[in-house]
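Please read the structure below before turning to the comments.
The values are calculated or read from the model by the stated rules, or taken from the named source; none is laboratory data. What you see is a predicted model, and the numbers here were worked out from it, not measured in a lab. As a convention, Cβ positions derive from the backbone with ideal geometry for all residues, glycine included, and neighbour counts pool all protein chains shown.
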Amino acid sequence: MLIRQLSLAASLFFVVYLIQESVINQFRLPGGGFSILLIFTLVWAILSTPEIAALGGFLAGLLMDLSQSSSGPIGQWTLLMIAACYVAGYLGSGNEILAGNPLGFTFFTAAATFFIEIAYVVTGALLGVQAGSFGQVLITLLGISLWTLVVTPILLPIFSRLHELIFNTRSPL
Amino acid sequence: MRRGGEGRGRLLLISLIVTALFLITLDLRGVGLLEGARQATQTVLSPFQRAGSVAVSPFKNFFSDITHLGRTRNEIEKLRAENAKLKSVLINRKNADAQLKQLKNLLDLAGTAGYKVINARVISQGSSQSFAQTITIDAGATAGIKKNMTVLSESGLAGVVKDVYPRTALISLATDPTFRIGIRIAGTQQIGILSGRGNRSSNLQLIDNLTTVKVGDILLSRGSVANRPFVPGVPVGYVTAVDNSAGAIAQSATVHLYTDFATLGVVSIVVGAPTINPGDALVPAKPQPTPVPTVTVYATPSPSPTN
C-alpha cells in the first residue's frame, strides 16, 4: 500500500518538475519568478509526517539538482530539501495553528522558501558556487519569496487535494 | 512499538542525508555518471521545453512588456484600435517579426566580422532559484555546436555554451555570476576582465594599474586561444561608471552590457572565426540624440478687471 502511494507521489513530483521546466521557466517573471516544485514539495511536506516529508524532499531535491539551470553540485539541493522538508513535516504534522488556516500555510511556505534559498546561497558559498552580487541575491530572495506568497494560495487547494487523494487522509485545509 | 518507528524514521533520515552527501562528493570529484544523469534529464526534457516554448510564446514577454509600458505606449494605443481578431494575429506576428529583426541584426553582426554562425531559438530560460543565469536553445551537438563556443545576440555578446546535448544546448549568459571574459577597450586597446553580477550591469577589472578607463568606453571581447570560448572583437558593453577609490590595486568600472537578456529570442553560436581579427570593426555606432523641439510660449497678462 505504502509503495503504491509513494510511487504515485513520485510520479506527481515528476509531473510538477516537468511543468516547472517546460512551462514556468518560459516566462520571464520579474524578481526571479517562483518554483512550483519548491512550493509543491513544501506544501506536501507540511501535510505529511516528517519521514514522508524527508523522502519527498529527497526526490524533489534530486530533480532540482538534475535541472540544467542548477549551478551547484548534484546533491546540494537534495541535502537542503531533505533537511527543510523534514523540519516542515515536523512543524506541520499535528500543528493546530496551521490546520484549517490557509493563510498560515501560505506564510509558512513563503518563509520556508526564503530560508531554503538563503541556505542554498550559504552552502553554495561553502562549495564554491557563486550567486552574484549581494544586491542581486537580495532581490532574487525577496522576489522568489513574494512570488511564493502570491502563487501558494492559488495552488494550495490543488496540492492539498492531491495529497488527500494519494494518502487517503483528510486535508487539514 | 513507537520507539521502533522513531528509530526507523531516524535511520531513513540519516540514510537520505548520507546519500545526498555522497552525491555531492561524487560530483565535486567529477564522476562522469552524474554529469550523464544531468544530460539524460535534459534529453528527456527538451521535447517538453520545445512544446512549452511554442505554447507560451504569445505571453512570454508579458511581464517584460509591462515593465516597459511607458516606452511602448504608442504601440499599445495603436493596437487598441484594432479589433479582437486582428489583435491576436498581430501578437503572433509581432513575435515572429521581433525574432526576424533579431536574426537580421545577428547575421549583420556576424557577417561584418566574418564569423561562421549557427542560429538558434531560445526555448527555455533557466530558473533563478539557483541564482544562475542560463538559457536553453533548440540546437545542439547534431547541429555542430560544441562546449565553450561564443554566443551572440543581435547587439553583441550573449554568453557562452556551457553544456551541449544532442538537440539542445545550455548557454551561460554574460550576466551569470560565474561568467568571466577577457576584454579590450576599443581604441585604447587596454585589457581587463569582465565578471557577471547577476544583472545587465557587469564589473570590469583592468589588468594594468597604470591605465585608466573613461565613462562611455566601448568593450570588445579579446578572444581566446583557438577562438574558444571567445572569438575576438565581439561588442560586449560600455562603461557607465568608473571606480576611482584610492589604494585600489587595479582600476575597476561598471559596465552596461549591450544585450537585452529579457527579450532574447534568437541567438547565434559562433562555430568558425575569421583568420583575421576583426579589430574594432564591430564597435556599435554611437546613438544619435533625437532633437527635442522646444516650444516657447509668451504669456501676456490680461488687464485686471476694473469696475
Matching entry among A:THR106, A:THR123 (being at pLDDT 85 or above and within 13 Å of chain B (Cβ to nearest Cβ)) | A:THR123
Residues satisfying the stated conditions in the stretch A:70-128, i.e. small (Gly, Ala, Ser), over 30 Å from B:ILE135 (Cβ atoms) and surrounded by fewer than 23 Cβ atoms within 10 Å (Cβ to Cβ) = A:ALA83, A:SER93, A:GLY94, A:ALA99, A:GLY100, A:GLY104, A:ALA111
Kindly indicate the residue of the stretch B:176-216 that is out of contact with any helix residue (DSSP H, G or I) (no Cβ under 6 Å at 6 or more places or on another chain) and in contact (Cβ under 8 Å) with a residue 60 or more places away in the chain and also surrounded by the fewest Cβ atoms within 10 Å (Cβ to Cβ) among those meeting that condition.
-> B:GLY187
With (1) touching a Ser or Thr at 6+ places or on another chain (Cβ under 6 Å); (2) modelled with pLDDT under 85 as the list, and B:LEU33 as the residue in question, which single condition is left unmet?
-> (1)
Is it the case that A:LEU66 is at the interface with chain B (Cβ under 8 Å from one of its Cβ atoms), closer than 25 Å to B:LEU264 by Cα and at pLDDT below 85?
-> no
Picked from the stretch B:110-156 (must be of a type in the set (Val, Ile, Thr) and in a helix (DSSP H, G or I)), the residue nearest to the other protein chains (Cβ to nearest Cβ) is B:THR142
Test: residue in the stretch A:21-30 that is out of contact with any strand residue (DSSP E or B) (no Cβ under 6 Å at 6 or more places or on another chain), in contact (Cβ under 8 Å) with a residue 24 or more places away in the chain and buried (at least 21 other Cβ atoms within 10 Å of the Cβ) = yes
Taking B:GLY159 and the conditions (1) assigned to a strand (DSSP E or B); (2) more than 14 Å from chain A (Cβ to nearest Cβ), which numbered condition does it fall short on, given that it satisfies the others?
-> (2)
Could you look through the stretch A:129-154, keep only residues that are under 19 Å from the mean Cα position of the chain (by Cα) and of a type in the set (S, T, N, Q), and pick out the one that is surrounded by the most Cβ atoms within 10 Å (Cβ to Cβ)?
-> A:THR148
Output the residues belonging to the stretch B:228-287 that are at pLDDT 85 or above, in a loop (DSSP other than H, G, I, E, B), more than 23 Å from B:ALA98 (Cα to Cα) and hydrophobic (A, V, I, L, M, F, W, C).
-> B:PHE230, B:VAL231
